[in-house]
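Before any comments, here is the structure.
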């Protein structure tokens, strides 16, 4: 839950309904508020961690993105911020929506319902 003493320290706004804001509380703890219309937050975080394995890894929990517990704090790049920077710079990125733990993807064929193995959405700004 975002508290009144939490402030946004920096942000990247790629387009309508696509942004990230770095939040910091009075204890200097960092979290991120993310939005990317049509893509679940857990898929965004998963893609960021895969694309940038050497950056500080993040986890999605309780509506916010937090720094992973095994990640050292301090200066450096966060995987989630690097992903939004790439989108902001016009690169196309593919997201597999079928990997979401929040929202399953179903395929409805003639009288059959099955879970999709893959559901790719490409974004570019």
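Return a yes/no flag: does the stretch 24-41 have any residue that is surrounded by 19 or more Cβ atoms within 10 Å (Cβ to Cβ) and part of a helix (DSSP H, G or I).
Yes, the stretch 24-41 has at least one match.
Looking only at residues in the stretch 42-62 that are more than 17 Å from residue 95 (Cα to Cα) and free of Cβ contacts under 8 Å to residues at least 40 places away in the same chain, which one is surrounded by the fewest Cβ atoms within 10 Å (Cβ to Cβ)?
It comes out as 54.
Only the coordinates and a few stated rules stand behind these numbers; no lab work does. Just so you know, these numbers come straight off a predicted model, no measurement behind them. Counting neighbours? That spans all protein chains shown, and the Cβs are built from the backbone with ideal geometry, glycine included.
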